[in-house]
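Nothing in this text is a laboratory measurement; each read-out follows from the coordinates by a stated rule. Everything numeric here is computed off the predicted structure, so don't read it as measured data. Glycine also receives a Cβ, built like all others from the backbone with ideal geometry; neighbour counts cover every protein chain displayed.
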Amino acid sequence: MATVLIVDDLPINRDLMRTLLTHHGHRVLEAGDGVEALDRITDEIPDLVVTDVMMPRMDGYQLVRELRARPETAGVPVIFATSNYLDHEAAPLALGYGVRHVVTKTDEPGKLLEVVDAELGGDRTREPIPIDEGVTREHLRIVNTKLVEKVRETQRSEQQFRLMAESAPVGILLVDAEGKAVNVNTRLTTILGRPADQLTGLAWQNAIGLDGDRELAEVLAGRQDGLTRTKWPIDPPGGGWLDISLRNAYDEQGLMVQCVGVVDDITEKIRAEERQRELDHRLRVAERLESLGQLAAGVAHDFNNVLTSILGHASIAQETTEAAAERGTVDPAVAESLRKSLDGVIRAGTRATRLISQLLAFGRPDIAEPEPVDVNEFLDEIETLLEPLLSSMIKIVKDRDADLWQIFVDGGQLGQIVLNLAVNSRDAMPTGGTIVLRTRNHVVDTDTGPLAPGRYVQLSIADSGHGIPADVLEHALDPFFTTKPVGQGTGLGLATVYNIVRRYGGELVISSIVGEGTTIDVYLPAVAG
């Protein structure tokens with residue numbers, strides 16, 4: 001059994017050679033470079049040295065020179081194992097340093113064992129081979145060439161990495177073991193709205209909002225492989241959302257040396273999804289309104305015939321009772337009781353008639369008699385109808401666009417829109433407040449929202465009432481949905497308005513803040529030209 005010293009700066013290479021040699025009965029010593037190898041030899045002189053050529057601190061050639069300079073190690077055979085030199089480069093240099101065998105790390109494992117057996121066979125007490133100084137000068141020339149090649153290769157690698165990082169559609173950062181960003185790409189500075197010098201060091205954690213994050217601390221301590229944050233909110237003023245992924249990189253010993261971060265701005269994606277959900281919701285509401293409208297129209301038509309008959313018979317009965325009381329054929333007390341009962345029937349029938357009118361307006365499949373309408377002039381005319389409906393404690397404020405475009409609409413239906421929305425605002429302000437009637441021209445250029453591109457007239461009714469909670473606002477356009485006590489509301493007001501607006505190709509948008517008030521914006525297409 002021979003003692004073999006393996007010298008290589010990469011643990012994985014030492015592990016492979018140690019496995020091969022111990023399997024074939026040799027005893028193995030290890031060193032990470034030439035300096036460490038000389039320390040090991042001080043304690044024990046091996047029978048053979050297998051060394052890498054390119055190593056930090058002291059390479060293989062310098063190690064051989066040191067071995068040959070010491071009498072006790074001058075005759076120890078050496079094998080070069082290299083991955084940086086070609087055969088025609090390494091062999092002449094090796095002979096000049098008294099090394100007879102060179103293997104490359106890409107050779108088959110059997111080649112190393114064959115060379116080891118050749119060096120260990122026969123007489124081990126060899127005379128040292130003197131070093132050829134001419135070969136040393138050639139070695140220096142080749143080493144210099146190799147260094148230049150390595151520098152150029154490193155520069156190319158760095159340039160390729162920088163090109164890749166700068167052309168990436170996502171933000172990239174490199175973080176050291178202390179959690180400091182040592183490199184960031186341009187895309188990350190764009191996403192976070194800060195220059196690179198405000199993201200390096202620990203500043204990146206604050207910019208992304210991860211400062212003090214426990215999971216990040218575990219990652220940087222090497223106790224966790226990575227961190228993922230989906231839909232991570234960005235602090236104002238910009239706002240938005242990020243996708244964040246951090247992954248650790250480890251060295252040969254399994255120690256975390258760096259952390260690679262990828263940051264993607266998904267703000268537009270999230271907003272597009274929200275817009276799509278809103279559009280889908282509005283489509284479902286529109287489809288439900290259309291089907292309910294057809295049902296309501298049919299029911300209202302039949303019920304209206306029955307109601308007309310009831311009211312007619314009640315009126316006849318009331319007249320007959322009054323006539324009989326005048327003739328004295330009916331007791332006055334009985335006649336008065338009948339009149340009160342019949343009055344109740346007629347009042348209930350009248351309320352039912354108004355409900356039928358709402359149902360017919362809600363479910364009417366056609367648009368009545370549309371014509372060009374100036375909304376400003378229309379609002380001036382309808383204010384006389386609003387005054388009796390509103391409390392004296394409610395103030396109407398006018399905010400009109402003087403150059404307002406015209407819309408093509410049925411005047412009766414436009415009045416129904418304004419009256420319904422004004423009544424809703426009144427009910428939201430039982431102790432008084434302000435209603436703002438606002439008109440604006442509105443142009444839509446992109447097909448990203450609920451409105452198709454085109455010109456619209458915006459009619460807004462804003463109140464200073466108690467506002468609408470989010471859970472109620474979600475159902476505000478549903479037919480027959482109301483928060484009023486039983487008998488005080490039908491739940492068809494907003495649904496009817498929304499149905500009318502949609503039939504004209506418009507849109508209705510509700511925005512509300514609890515405690516501050518509600519604004520309802522109605523968008524109706526402007527007359528072409």
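Report ³J(HN,Hα) in whole Hz for each residue of the stretch 498-507, in order, from the Karplus equation J = 6.51 cos²θ - 1.76 cosθ + 1.60 where θ = phi - 60°; Gly and Pro get x.
Coupling constants for the stretch 498-507: 4, 5, 5, 4, 5, 5, 8, x, x, 8 Hz.
Counting only residues 5 or more places away or on other chains, whose amide H sits under 5 Å from the amide H of I394 once H atoms are built in the peptide plane?
Close amide H contacts, sequence-distant or interchain: G433.
What are the residues whose amide H is under 5 Å from the amide H of T104, where those residues sit 5 or more places off or on another chain and H is modelled from the backbone?
Close amide H contacts, sequence-distant or interchain: T82.
At 10 °C and 1.306 mPa s, what whole-number value in µm²/s does Stokes-Einstein give for the translational diffusion of the stretch 371-525, with Rh from the Kirkwood sum over Cα pairs?
For these conditions, the coefficient is 99 µm²/s.
Between D225 and R440, what's the calculated FRET efficiency when r is the beta-carbon distance and R0 is 51 Å? Round to 0.05.
0.40
Show me the ranking of peptides 193-202, 519-528, 327-336 by mean Cβ neighbours inside 10 Å, starting with the highest.
Numbers: 193-202: 14.2, 519-528: 19.3, 327-336: 11.5.
Per-residue Cβ counts within 10 Å, averaged per peptide and sorted highest first, yield 519-528, 193-202, 327-336.
Check which residues have an amide H placed less than 5 Å from L29's amide H, if you skip close sequence neighbours.
Those lying under 5 Å, H to H, from L29 are V4, L5, I6.
With θ taken as phi - 60° and the coefficients 6.51, -1.76 and 1.60, list the Karplus ³J(HN,Hα) couplings across the stretch 307-323 in order, rounded to whole Hz; mark glycine and proline as x.
5, 4, 5, 4, 5, x, 5, 5, 5, 5, 5, 5, 5, 5, 5, 5, 5
May I ask you to order 46-57, 65-76 by the average number of other C-beta atoms within 10 Å around their residues, highest value first?
46-57, 65-76
In nm, to one decimal, how far is the modelled label at S315 from the one at R156, with both set 7 Å along Cα→Cβ?
Between S315 and R156, the simple spin-label model gives 10.1 nm.
How many nm is it between the label spots at E108 and M54, if each spot is 7 Å from the Cα in line with the beta carbon?
The modelled label-to-label distance comes out at 2.7 nm.
Please compute the length gained on full extension between V170 and T190, using 0.36 nm multiplied by the number of residues separating them and subtracting their Cα-Cα distance.
Numbers: separation 20, 0.36 × 20 = 7.20 nm, distance 0.99 nm.
Extending this stretch completely gives an extra 6.2 nm.
Per 0.36 nm of contour for each residue apart, how much would the distance between I510 and E149 grow if the chain were fully extended, relative to their Cα-Cα spacing?
Extra length from I510 to E149 when fully extended: 123.1 nm.
Setting aside same-chain residues fewer than 8 positions from K231, which aspartates and glutamates have a Cα under 15 Å from its Cα?
Here the aspartates and glutamates satisfying the reach criterion relative to K231 are D243, D264, D265, E268, E273, E274.
Net charge around A314, counting only other residues with Cβ within less than 12 Å of its Cβ (Lys, Arg = +1; Asp, Glu = -1)?
Charge balance in the 12 Å sphere: 0.
If you rank I407, I510, I12 by fewest surrounding Cβ atoms within 10 Å, what's the result?
I12, I510, I407
Using the Karplus curve 6.51 cos²θ - 1.76 cosθ + 1.60 with θ = phi - 60°, work out ³J(HN,Hα) for each residue of the stretch 429-443 in order, rounded to whole Hz, and write x for Gly and Pro.
Per-residue couplings from phi come out as 10, x, 9, x, x, 10, 10, 9, 9, 10, 10, 8, 7, 9, 10 Hz.
Using a Cα-Cα cut-off of under 13 Å, which aspartates and glutamates could be cross-linked to K395, ignoring same-chain neighbours fewer than 8 residues away?
Partners found: E383, E387, D463.
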